[in-house]
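Below is one structure, written out as structure tokens; comments come after it.
The values are calculated or read from the model by the stated rules, or taken from the named source; none is laboratory data. Computed from a predicted model, the values in this text were never measured in an experiment. We place every Cβ from the backbone using ideal geometry, glycine too, and count neighbours over all the protein chains shown. Surface areas here come from the heavy atoms of the whole protein model, side chains and all, with no ligands, DNA or RNA. Shrake-Rupley method; radii C 1.70, N 1.55, O 1.52, S 1.80 Å.
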Amino acid sequence: MYSFFLSEVNSMYGLDGKVAIVTGSGRHGGLGKAMAQRLAEEGCNIVIADLGRTDGELFPTHGVGTTDEMEEVAEEIRSLGAKVTTIPCDVRSEEQVKALISGAVSEFGRLDVIVNNAGIGYLMQLVTEMDEEKWDAVLDVNLKGMFLCTKHAAAQMIEQGEGGRVINIASQAAKSGFPYASAYVASKHGVMGFTRAVAIELGSHNITCNAICPNHVTTGLGSWQNEFFSDALGMTHDEYMEAMRSRIPLGRAGLTEDIAKACAFLASEQANYITGEAMNVSGGEEMH
Ligand SMILES: NC(=O)c1ccc[n+]([C@@H]2O[C@H](COP(=O)([O-])OP(=O)(O)OC[C@H]3O[C@@H](n4cnc5c(N)ncnc54)[C@H](O)[C@@H]3O)[C@@H](O)[C@H]2O)c1
């Protein structure tokens with residue numbers, strides 16, 4: 001789908017020379033990579049940020065983007081003609097987040113867009129069995145990480161004095177409950193509240209803050225969740241996917257490009273009067 005060179009792309013939103021960080025973007029097939037690529041197609045210089053390493057059983061190989069994978073993703077986007085750098089960053093660490101923001105600025109001179117996409121959704125347990133350390137891990141990445149990245153990115157944007165964009169990747173789980181996912185659902189509902197509060201605080205600096213709420217996209221995490229929920233519900237994978245499609249008015253699961261398009265729009269001038277929103281990108285499955 002993205003086999004063309006950037007100069008041949010019809011940029012819809014003209015973000016030439018803007019600088020965007022996308023956290024959790026160092027995995028093939030992930031939402032982060034798709035958003036980074038789409039922003040690059042719009043002319044942004046891109047920082048691919050990701051954990052870069054596995055970290056014990058809570059952050060296993062199937063859940064994280066390693067430095068090798070980050071470089072591969074960056075190289076793929078560079079091959080389209082974009083300027084891309086990689087910076088490993090654990091969003092749970094304020095020191096690493098500060099280094100991410102200063103690294104982006106020293107590489108590209110400024111920061112205009114932060115996409116808070118890093119997240120974990122594979123630590124699933126019933127609430128009566130939920131381990132405290134798993135609860136903490138989910139909340140630390142999905143919510144505290146978003147806070148730390150927003151704090152330091154927004155400070156940089158305020159210093160520049162030219163506005164900016166904070167785009168938070170929430171979920172359908174920001175609006176509805178799901179079993180086995182109390183930590184994830186709580187974190188994503190938290191993202192929505194955080195987005196609204198930050199939108200009010202940053203409005204006077206012309207920095208917008210919005211959330212995107214995807215329903216299901218078959219990324220690495222999405223595939224893992226399909227397996228998990230079909231097992232938990234005693235269904236085959238095909239039955240599970242068919243039941244999912246039947247709930248979605250547009251009749252299909254989301255594609256990474258669907259989320260990337262919404263991200264590019266929110267990053268653009270076309271969205272300059274939209275802030276504090278939590279935009280469903282769900283084929284109509286989620287409507288409130
Ligand atoms: N796939 C879906 O159906 C779906 C639906 C709704 C919301 N989301 C959200 O979209 C985002 C991306 O998910 P995805 O489906 O592309 O999954 P993914 O697993 O491909 O991406 C998550 C990324 O977060 C990174 N990450 C994890 N812990 C980190 C940490 N401590 N510091 C920095 N990075 C860290 C991982 O390395 C990975 O690259 C997540 O926030 C997820 O909750 C996904």
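Condition check: open to solvent by less than 10 Å² (accessible area, probe 1.4 Å) and over 21 Å from Ile21 (Cα atoms). Does Asn215 satisfy that? It would help to see each step written out before you state the result.
On the way: open to solvent by less than 10 Å² (accessible area, probe 1.4 Å): no; over 21 Å from Ile21 (Cα atoms): yes.
Taking the combined requirement at face value, the residue does not satisfy it.
Within segment 119-157, track down each residue that is open to solvent by less than 30 Å² (accessible area, probe 1.4 Å) and within 12 Å of the ligand (Cβ to nearest atom).
Hits for segment 119-157 are Ile120, Gly121, Tyr122, Leu123, Ala137, Val138, Val141, Asn142, Gly145, Met146, Leu148, Cys149.
Could you list all residues from segment 229-254 that are surrounded by 16 or more Cβ atoms within 10 Å (Cβ to Cβ) and either of a type in the set (Phe, Trp, Tyr) or under 28 Å from Gln37 (Cα atoms) (or both)?
Step one: filter segment 229-254 for residues surrounded by 16 or more Cβ atoms within 10 Å (Cβ to Cβ), giving 229-230, 240-241, 244, 248, 253-254.
Phe229, Tyr240, Met241, Met244, Ile248, Ala253, Gly254, listed by residue number.
Within the set of pairs 6+ apart or on separate chains, which have a first residue in segment 246-259 that is under 21 Å from Leu221 (Cβ atoms) and small (Gly, Ala, Ser), a second that is open to solvent by less than 40 Å² (accessible area, probe 1.4 Å) and part of a strand (DSSP E or B), and C-beta atoms under 9 Å apart?
Ala253/Val217; Gly254/Pro214; Gly254/Val217; Gly254/Val281
Quick check: is even one residue across segment 132-154 under 13 Å from Thr195 (Cα atoms), in contact with an Asp or Glu (Cβ under 9 Å, 6 or more places away or on another chain) and outside any helix (DSSP H, G or I)?
no
Condition test on Tyr240, is it among the hydroxyl-bearing types (Ser, Thr, Tyr) and more than 12 Å from the ligand (Cβ to nearest atom)?
Numbers: among the hydroxyl-bearing types (Ser, Thr, Tyr): yes; more than 12 Å from the ligand (Cβ to nearest atom): yes.
It is true that Tyr240 is among the hydroxyl-bearing types (Ser, Thr, Tyr) and more than 12 Å from the ligand (Cβ to nearest atom).
Could you check how many residues of segment 41-81 are away from the ligand (no atom under 12 Å from the Cβ) and buried (at least 21 other Cβ atoms within 10 Å of the Cβ)? Walk me through it before giving the result.
Restricting attention to segment 41-81, the residues satisfying the condition of being away from the ligand (no atom under 12 Å from the Cβ) are 41-47, 57, 68, 71-72, 74-81.
After this cut, where a residue has to be buried (at least 21 other Cβ atoms within 10 Å of the Cβ) as well, the list is 41-42, 44-47, 74, 77.
Matching residues across segment 41-81 total 8.
How many residues does segment 82-95 contain that are β-branched (Val, Ile, Thr) and near the ligand (Cβ under 10 Å from one of its atoms)? Break it down into steps so the answer makes sense when it comes.
Quick first cut of segment 82-95, residues β-branched (Val, Ile, Thr) only: 84-87, 91.
Checking which are near the ligand (Cβ under 10 Å from one of its atoms) leaves us with 91.
Final tally of qualifying residues: 1.
In segment 7-38, how many are in a helix (DSSP H, G or I) and within 15 Å of the ligand (Cβ to nearest atom)? Don't jump to the end; show me each part of the working.
Residues of segment 7-38 that are in a helix (DSSP H, G or I), as a first pass: 7-8, 31-38.
Filter once more, keeping what is within 15 Å of the ligand (Cβ to nearest atom): 31-38.
Final tally of qualifying residues: 8.
What is the residue count in segment 202-225 for residues that are in contact (Cβ under 8 Å) with a residue 12 or more places away in the chain, over 20 Å from Gly65 (Cα atoms) and not in a loop (DSSP other than H, G, I, E, B)?
Number of matching residues: 11.
Confirm whether Ser171 is of a type in the set (Ser, Thr, Tyr) and open to solvent by less than 40 Å² (accessible area, probe 1.4 Å). Full working, then the answer.
Details: of a type in the set (Ser, Thr, Tyr): yes; open to solvent by less than 40 Å² (accessible area, probe 1.4 Å): yes.
So Ser171 passes the test.
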